[in-house]
Amino acid sequence: MLFDTTQLALERSIEGAGKRHEALAANLANANTPGYQRVDVDFHGALASAMGRGEESREALHSVSFSPAQDASAGAVRADGSTVDVDAESAKLAANALEHQAAVQVAHARIGILKSAMGVG
Amino acid sequence: MSLFGGLDISASALTAERLRMDVVAENLANAQTTRGADGNPYRRKEVVLQERAGSSFGASLSAAMGGGNSKGAGVEVAGIVEDQTPLKRVYDPGHPDADADGYVSMPNVDTVAEMVDLIGAQRAYEANVTAMQAAKSMFSKTLELLR
């Protein structure tokens, strides 16, 4: 098998970070929408539970889906009931972009290792 | 959907925040207007924002293919409404629009509140530009996988 479970997990985490970015961007877009409830994508949790399935983790990783969910734990930060804190969202957005970058770089390095093993790198 | 979804979402917010700035500018420009389009004194306008439902083709497609629900498609302008708070009554008997008692109904525009709204819209705009830049750098990093 050319690509192992780790490579698959890295690809899925790149995808998950992309989805999470969409959710966080939607929160920032609705920073001035009265009563808006912030959404988030827990791709760490989804990937962790897929990785913990032992032998079946490969299939689990293939079928894992990332969907945005309303964050019920967030308290209202504005008088209109909105739960979007622009500073917190910006911080999460920046952290998520770095996580995405880290996953891409590790995936890139692993592809580079494969390439040099094949004598094309 | 996924590749440029983040950019679309941020772009919808840029449009909405820019319209808020336009409306604030209109309110400030008409802060002293006693004859609006309908002949009455100008009333302060306010932009109402709402969450945009994922009705685009891409959102429908990804929902149909089981790619999660189509939540979080950005923001849209629900409408521009007139502020129905009472108009300011200013004593100015020489004004052509003064009533029998010498009072003029001036627009219910509070310039200080408008400036605060302007700064809020500007900061929100900047936050969404930052989100757009983050999305852009994420896409270009992903493309580096091909090199």
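All of the numbers you see were taken from the coordinates with simple rules; none came from a lab. Since the model is a prediction, treat every value here as computed from it, not as a measurement. Using ideal geometry, Cβ is built from the backbone for each residue, glycine included, and neighbour counts are taken over all protein chains shown.
Values computed for the structure shown
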{"quantity": "Structure-based [θ]222 nm, chain B - -39500 (n - 2.57) summed over DSSP H runs of at least 4, per residue, nearest 500", "calculated": "-16500 deg cm²/dmol"}
{"quantity": "Estimated FRET transfer efficiency (B:Q84, B:F4; beta-carbon r; R0 41 Å; 0.05)", "calculated": "0.50"}
{"quantity": "Gyration tensor (Cα) of chain B, equivalent ellipsoid semi-axes in angstrom", "calculated": "46, 17, 9"}
{"quantity": "Note, ³J(HN,Hα) from phi for region B:13-26, Karplus 6.51, -1.76, 1.60, rounded to Hz, x at Gly and Pro", "calculated": "6, 4, 4, 5, 5, 5, 5, 4, 5, 4, 5, 4, 4, 5"}
{"quantity": "Simple Cβ-charge dipole of chain B, Lys/Arg +1 and Asp/Glu -1, about Cα centre, in debye nearest 20", "calculated": "780 debye"}
{"quantity": "Candidate lysines for bridging to A:K115, where Cα separation is under 21 Å - those fewer than 8 sequence places away on the same chain excluded", "calculated": "B:K141"}
{"quantity": "Computed magnitude of the charge dipole of the protein assembly as shown (debye, nearest 20; Cβ of K, R +1, Cβ of D, E -1)", "calculated": "940 debye"}
{"quantity": "Which of A:N96, B:A98, A:Q7, positive extreme of dipole for the protein assembly as shown (C-beta unit charges)", "calculated": "A:Q7"}
{"quantity": "Two-decimal log10 I(q)/I(0) for region A:5-121, as the Debye equation yields it once each C-alpha is a single scatterer, q = 0.12, 0.21, 0.24 Å⁻¹", "calculated": "-0.53, -1.09, -1.24"}
{"quantity": "Taking the C-alpha atoms of region B:72-147, convex hull volume expressed per residue in Å³", "calculated": "140 Å³"}
{"quantity": "Rg/Rg_globular for the protein assembly as shown, with Rg_globular taken as 2.2 N^0.38 Å and Rg from C-alpha atoms", "calculated": "1.36"}
